[in-house]
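The values are calculated or read from the model by the stated rules, or taken from the named source; none is laboratory data. Since the structure is predicted, the reported quantities are computational estimates derived from the model, not experimental observations. In this analysis, Cβ positions are derived from the backbone assuming ideal geometry, glycine residues included, and neighbour counts consider all displayed protein chains.
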Amino acid sequence: MAKAMIIGCGGVASVAIHKCCQNSGVFSEIMIASRTKSKCDALKEKLAGGETIIHTARVDADNTDELIALIEQFKPDIVINLALPYQDLTIMDACLATKTHYLDTANYEPTDTAKFEYSWQWDYRERFEEAGITAILGCGFDPGVTGVFSAYAQKRHFDEIHFLDILDANAGDHGYPFATNFNPEINIREVSAKGSYWENGQWVHTEPMEIKRVYDFPRIGEKDMYLLHHEELESLALNLNGIKRIRFFMTFGQNYLTHLKCLENVGMTSIEPIDYNGMPIVPLQFLKAVLPDPASLGPRTKGKTNIGCIFQGVKDGKEKTYYLYNVCDHEECCKEVGSQAISYTTGVPAMIGTMLLLQGVWKKPGVYNVEEFDPDPFMAALNEWGLPWVEDFNPALVD
Ligand code: NDP
């Protein structure tokens, strides 16, 4: 029986909140606190009648004092940060000041630089340890389940993992000419950035979308996928025994790429403010305002996602390959919680990580990435809470 405060009330938060309410034995009371309180109230109304007690509040998560005041008033056991990566540090500061556990799904990114890395949040390790509180970083699907899959592969199947390819495929169709499946601003910053992968102890940098491969995904079929920089590469490079190379690939359709190129070419993806009739406007933020809200895509999206990890390494002196993945159906997710699969595959792991922390299973003072905990209880919970996984011991490899 615990109290959780969820910050943000967008696509991912909505799924996590539904899942907390399905799990009222653990989440007896929650507070949904976000910038737009009407969204929190609408979700509370939708979920009325369940056993979890729901409160709502307005909060500006960029303001640490506001957060501290709200935490002191509600006294949650944990704050689940499902707002944007820009708010990670202010929310961690508020957790430190109030000695409250913390969990998020995306690493910190400053608003004025399109760059994300863990160093800012890893800097909190000693302070969290001294305060006796736990921070779990990157507990969505990727990052999140991909780290749990890696820890599981390391624990159960390998003495050393030499090569890891993380493959993220979305074969969903929402019927719009162009829309993103999670926050458009964060999504476009991520996919328009230069790519990189980790090899033999160092980063190899690429131009955006420079490296393309085609992969035949189980239950989805053949898709074009492109190498991106992704945040879990940074922690997995440190936490996997014997690792020589880690790459991350995401699928994109030609239509998406053509729209993105056009928007880039006309300057709409820029994060540099421009002057418009005497008012500073950030083109990418304006673009976000005219694009479909990812939280509204649920009822329109058909098809499946397949996200997983292909490992190559050695066990008992023998070479071995292992593919661990989840397939998630957009329409099934919508039937269950009213959201598409990208929000679902992120919101469910956020609930699971929080549950394990609250149950004391994943609790140790300090700041941790998910692969630093025992993967077994998380793997069992994935099967129980809607994200079952599949193993393949003879997968096709990515060249
Ligand atoms: P949305 O844009 O749908 O939701 C973000 C929510 O945060 C909105 O409710 C927004 O409020 C609120 N918010 C933004 N700024 C503030 C603020 N200053 N104070 C309080 N609330 C604020 O995003 P998503 O749900 O798609 O994504 C949420 C997070 O999940 C992001 O960090 C994203 O990067 C991450 N993510 C992680 C994935 C993973 O696998 N690890 C995959 C997909 C997403 P308002 O309603 O007013 O706009």
So which residues in segment 52-93 are within 14 Å of the ligand (Cβ to nearest atom), touching a Phe, Trp or Tyr at 6+ places or on another chain (Cβ under 9 Å) and farther than 25 Å from Val367 by Cα, if there are any at all? Ala57
Taking segment 105-116, which residues are in contact with a helix residue (DSSP H, G or I) (Cβ under 8 Å, 6 or more places away or on another chain) and modelled with pLDDT under 90? Thr111, Ala114, Phe116
Could you please find all residues in segment 349-399 being surrounded by fewer than 23 Cβ atoms within 10 Å (Cβ to Cβ) and small (Gly, Ala, Ser)? Gly360, Gly366, Ala380, Ala381, Gly386, Ala396
Given the criteria free of Cβ contacts under 8 Å to residues at least 12 places away in the same chain and not hydrophobic (A, V, I, L, M, F, W, C), does Gln73 qualify? yes
Only one residue in Arg219, Arg213 is at pLDDT 95 or above and more than 21 Å from Arg247 (Cα to Cα), so which one is that? Arg219
From the residues in segment 313-335 that are surrounded by 20 or more Cβ atoms within 10 Å (Cβ to Cβ) and closer than 10 Å to Pro395 by Cβ, which one is farthest from the chain's Cα centre (by Cα)? Tyr322
Ile310 away from the ligand (no atom under 14 Å from the Cβ), of a type in the set (A, V, I, L, M, F, W, C), modelled with pLDDT under 95 and under 24 Å from the mean Cα position of the chain (by Cα): no
As an exercise: evaluate Gly49 against (1) modelled with pLDDT of 95 or more; (2) away from the ligand (no atom under 15 Å from the Cβ); (3) of a type in the set (Gly, Ala, Ser) and give the number of the one condition it does not meet. (1)
Can Asp88 be described as part of a helix (DSSP H, G or I), modelled with pLDDT of 95 or more and farther than 19 Å from Asp104 by Cα? no
Filter segment 140-167 for residues that are surrounded by fewer than 21 Cβ atoms within 10 Å (Cβ to Cβ) and either at pLDDT below 95 or of a type in the set (D, E, K, R) (or both); the one that is nearest to the chain's Cα centre (by Cα) is Lys155
Kindly evaluate Phe378 against the criterion of being within 23 Å of Pro76 (Cβ to Cβ) and aromatic (Phe, Trp, Tyr). yes
Taking strands (runs of 3 or more DSSP E) that do not extend beyond segment 105-223, which have at least 1 residues that are in contact (Cβ under 8 Å) with a residue 60 or more places away in the chain, within 16 Å of the ligand (Cβ to nearest atom) and not basic (Lys, Arg)? 134-137, 160-170
Evaluate the following for Phe182: is it under 15 Å from the mean Cα position of the chain (by Cα) and more than 21 Å from Val367 (Cβ to Cβ)? yes
Those residues of segment 348-399 which are over 30 Å from Ile211 (Cα atoms), assigned to a loop (DSSP other than H, G, I, E, B) and β-branched (Val, Ile, Thr) amount to Val361
